[in-house]
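Shown next, in structure tokens, is the structure this report addresses.
What follows draws every value from the coordinates through simple rules; no lab data is involved. Given the structure is predicted, the values throughout are model-derived calculations rather than measurements. Cβ placement follows ideal geometry from the backbone for every residue including glycine, while neighbour counts extend to all protein chains displayed.
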Amino acid sequence: MNGWMGTVLRVDLTVGRVTKEPLDPLLARNYVGGRGMAVKILLDELKMDCDPLGPDNMLIFINGPLTVTGTLCSGRYMVVTKSPLTGTICSSNSGGYFPAAFKTAGYDVIIFTGKSKKPVYLWVNDDHVELRDAGACWGRDTRETCDIIRRETHKEACVSCIGPAGENLVRYAAIINDGARAAARSGVGAVMGAKGLKAVAIRGTGGVRVADPETLLKSTVIADHIKKADLGIAFAEFGTPLFVDVMNANNIMPTKNFQEGFFEAGDEINGAEIIDRTLVRSKACYGCALNCGRNTRLPEGGKYQGRGDGPEYETCYSLGSNIMVGDLEALTKMNYICNETGLDTMDAGSTISAAMELYEMGRITAGEIGFPLVWGDADAAIQLLYMIASGEGFGREAGMGGRYVAEKYGAPDVFMGSKGQGFAGYHPRGMVGQGLLYATSPEGGNHTTGNTIQPEINGIPEPMDPLSAEGKAEMVIRRQNETAFIEACGVCLFPYMLMEEGTEIIAEFYSAVTGLEHTEDDVRRIGERIFNLEREFNRRLGFDRKDDSLPKRLTHEPHTDGIAEGNVVPLEEMLDSYYRLRGWDSNGVPTGDTLGSLGIF
Amino acid sequence: MGKRIAFNEALCTNCHLCSMFCSLVFTENRIYQFRPSIARIRVTENAEDTLYVAHVCLQCEVPACAEACPADAITRNPVTGHVEIDQEACLGCGSCTEACEFDGVFMVNDKAVKCEVCDEPLCVRACAAGALQLVDWDAASVLEQGELYREVPL
């Protein structure tokens, strides 16, 4: 096969058995890879009502046909499972170097089932696959784990692992690869921890066959073009924290648990400040020409110490503006702690911001937490992060997620998320399409199942009013479908979502790699099929319109800043047209005709 | 002396696009593959993650690899000036990779391979960061690049 490696690896952790089977070519053609192929596998095989943290859940590592093919930013993989945070399908995406090792070792998919009696890790050295005892690294942080496993296996091994947070079943524990890249969201790390699987280490020396290398050479031309465009230059120079300035300028930087949309100390935690104070150099994931990664180090002699990557924009929001921390070094330290202990910075921040609001309301006391938790107190937040990762005291409750904490302390409305997952850093009151996107995302408040910055804020491909419901359902559906296809391909969203002609380009790349001619419309249709299948997965678990919700703060409390002042998200109005255009009934359930026309059943 | 691939560490982003595209050149039997493990240019970083280094043959004036080869399979091409390995003559003993203190010779399928400088190198074209360039050979820049290779071995 061109693009796909043609082999599925199955690992039964209960009996410790590893088997290989050929990849079904029809499955590959219809669902591509990434979240597409994985959700199909889960719908066919998963015991739907299983406990996400029980042995019946399945954990899928999966790349895509475009991974390691010279196409733009082709170094990504995904982790797909039933989420312990939301109870829905979830697919968490990561870059770094591990995805390339995974694919060149010769596999498209690794499916983990069951539960190991003692901690193990999977060691894959091309054809050789074995489960090994993880006694030496259980309890260790992600960087130490990476080092230990490399010493035990091969210096070229790439390691994807959980830290203490995953072992302690924190509902938003991440899986960290290469020491700092995260398949962060939805608690995929807790599923790994519950299975007794500490890490996956892979060394790959194989190749990825492609049908039409001439066309793929165009990738280098497009990369040059992007590098010379304004956004490409800004991206390489400032990384994703450049969005701090964009969001603040547009008054959509979520601040103080989404109470506000402008963070006064934004200038102290933005891309320029990182360059001045912590940046060692910028850094790319495997096969990426954009190099948005930040290799950073806290200055010697400062209050906080350490080195690592980031923070990314989402962390500047979640552990910065949203909890009112405007100290870059404290924020960077929190980011390192999350990477080392294996926590999602977004839900960690979302939970802490909810807890800070509860504390301010007097619903939770310093006695219950162990210390006061006031807005902007970075040291209290740091202490809480360690408690969450280790499951100590109030950290055990906070590790259940923001929704749990908000409900437990009697103010469910202070949780800023959807379906139990905290939002990413885009305030929907100032870009209402993003609100619709969050509400209808199959995995809750997630920014990687589509993002509306380009259409709503940057006016690409054409300007639209960010505050109006008009045209939003159609736009959100298009973004969600395109994103589903891109993520199924095993590449990074950034270049394809930011370029106006991104969908055309990925269709051309997909055709060149696989030799299967696909137009823009073809790939959108595959994206639509994937998105509907994810919807169907959730429907079988009882999710419908009632769960496509947003907190009252977004739908009833008026915005405080900028042109959006006074605005709220007209969710129900957008949902009606969204369901109609999706071909779902008024309760948000895909009709038989819609599923049939997409070739789902 | 001919041309060589010059590497500017300050611009490298550790993306490995050079080795990905290099490997495409060495495809066999018209089966096109991205297979970085056979590339003639390989990227690594130091333990502190502060230096990113693409190892590629310096086309040395007095190549240690050639001197070490028991089969005399490594010679300078009199026309281009590039140091080349005769794949037929190569015994696959690995003496050259041991001898090269710059980690510029690699073993692939039990044969020694190295950069023999393409006319239009894909590694240079693929390097979006502009860290690679096709340049005329000169002793001073080779010395500098060689020191970096000794500091950060593969």
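Annotations for the structure displayed:
- Ranked A:Ile111, A:Ile382, criterion: other C-beta atoms within 10 Å, fewest first: A:Ile382, A:Ile111
- Inter-chain shielding of B:124-133 (mean C-beta neighbours from other protein chains, 10 Å cut-off): 4
- Here's the list of aspartates and glutamates a cross-link from A:Lys198 could span, going by alpha-carbon distance under 16 Å and ignoring same-chain residues fewer than 8 apart: A:Asp12, A:Glu130, A:Asp133, A:Asp141, A:Glu144, A:Asp147, A:Glu152, A:Glu167, A:Asp178, A:Glu340.
- Label-point separation, A:Thr519 to A:Arg151 (7 Å along Cα→Cβ), nm: 5.9
- Between the beta carbons of A:Asp24 and A:Glu214, assuming R0 = 35 Å, the FRET efficiency works out to 0.75 to the nearest 0.05.
- Taking the helices alone, the protein assembly as shown has a mean residue ellipticity at 222 nm of -10500 deg cm²/dmol, built from -39,500 (n - 2.57) per DSSP H run of at least 4 residues and averaged over all its residues.
- Pairs of Cα atoms farther than 39 Å apart, the protein assembly as shown, %: 33
- Taking A:Phe423, B:Phe26 and counting other C-beta atoms within 10 Å, the order from fewest to most: B:Phe26, A:Phe423
- Amide H within-cut-off set for B:His16, under 5 Å, with H built and near neighbours excluded: A:Gly287
- In the stretch A:1-40, the ratio of gyration radius to Kirkwood radius, Rg to Rh, stands at 1.04 when only Cα atoms are counted.
- Solution diffusion estimate, µm²/s, Stokes-Einstein, the stretch B:21-154, Kirkwood Rh from C-alpha pairs, 37 °C, viscosity 0.692 mPa s: 211
- Of all DSSP-defined beta bridges confined to chain A, some 80% are antiparallel rather than parallel.
- Theoretical gain in end-to-end length, A:Arg540 to A:Arg580 [0.36 nm per residue, Cα-Cα removed]: 12.4 nm
- Debye, to nearest 20: dipole size of chain A, +1 on Lys, Arg Cβ, -1 on Asp, Glu Cβ: 1920
- Across peptide A:283-293, the mean count of Cβ atoms from other chains lying within 10 Å of each residue's own Cβ comes to 6.
- Per residue, the convex hull spanned by the Cα atoms of the stretch A:197-261 amounts to 217 cubic angstrom.
- Per-residue Cβ neighbour counts within 10 Å put B:Leu148, A:Leu13 in the sequence B:Leu148, A:Leu13, beginning with the fewest.
- Across the cross-link table entries A:Lys256/A:Lys333; A:Lys228/A:Lys333; A:Lys82/A:Lys546; A:Lys218/A:Lys472, which are compared at the Cα atoms, the separations over 23 Å belong to A:Lys228/A:Lys333; A:Lys218/A:Lys472.
- Efficiency of FRET from Cβ geometry, B:Asn77 and A:Arg10, R₀ 35 Å, rounded to 0.05: 0.10
- Computed over the Cα atoms of the stretch A:293-332, pair by distinct pair, the Kirkwood hydrodynamic radius stands at 10.5 angstrom.
- The equivalent ellipsoid that matches the C-alpha gyration tensor of the stretch A:26-143 spans semi-axes of 23, 21, 13 angstrom, in descending order.
- Theoretical gain in end-to-end length, B:Val25 to B:Glu116 [0.36 nm per residue, Cα-Cα removed]: 31.6 nm
- Straight-distance crosslink candidates among aspartates and glutamates, where the alpha carbon sits under 13 Å from A:Lys419 and sequence neighbours closer than 8 are dropped: A:Asp347, A:Glu443, A:Asp544, A:Asp547, A:Asp548
- The length gained by stretching the chain between A:Glu470 and A:Asn458 to full extension, at 0.36 nm per residue less their Cα-Cα distance, is 2.6 nm.
- Under 5 Å from the amide H of A:Ser418 lie the amide H atoms of A:Phe423, A:Gly445, each residue being 5 or more positions distant or on a separate chain, with H modelled from the backbone and absent for Pro and chain starts.
- Beta bridge orientation in the stretch A:7-203: antiparallel %, DSSP, nearest 5: 75
- Built amide H within the under 5 Å cut-off of A:Gly293, gap 5+: A:Lys283, A:Cys285
- Cβ-derived FRET efficiency at R0 25 Å, A:Lys117 paired with A:Asp44, nearest 0.05: 0.35
- For the peptide A:101-107, the mean number of other protein chain Cβ atoms found within 10 angstrom of a residue's Cβ is 1.
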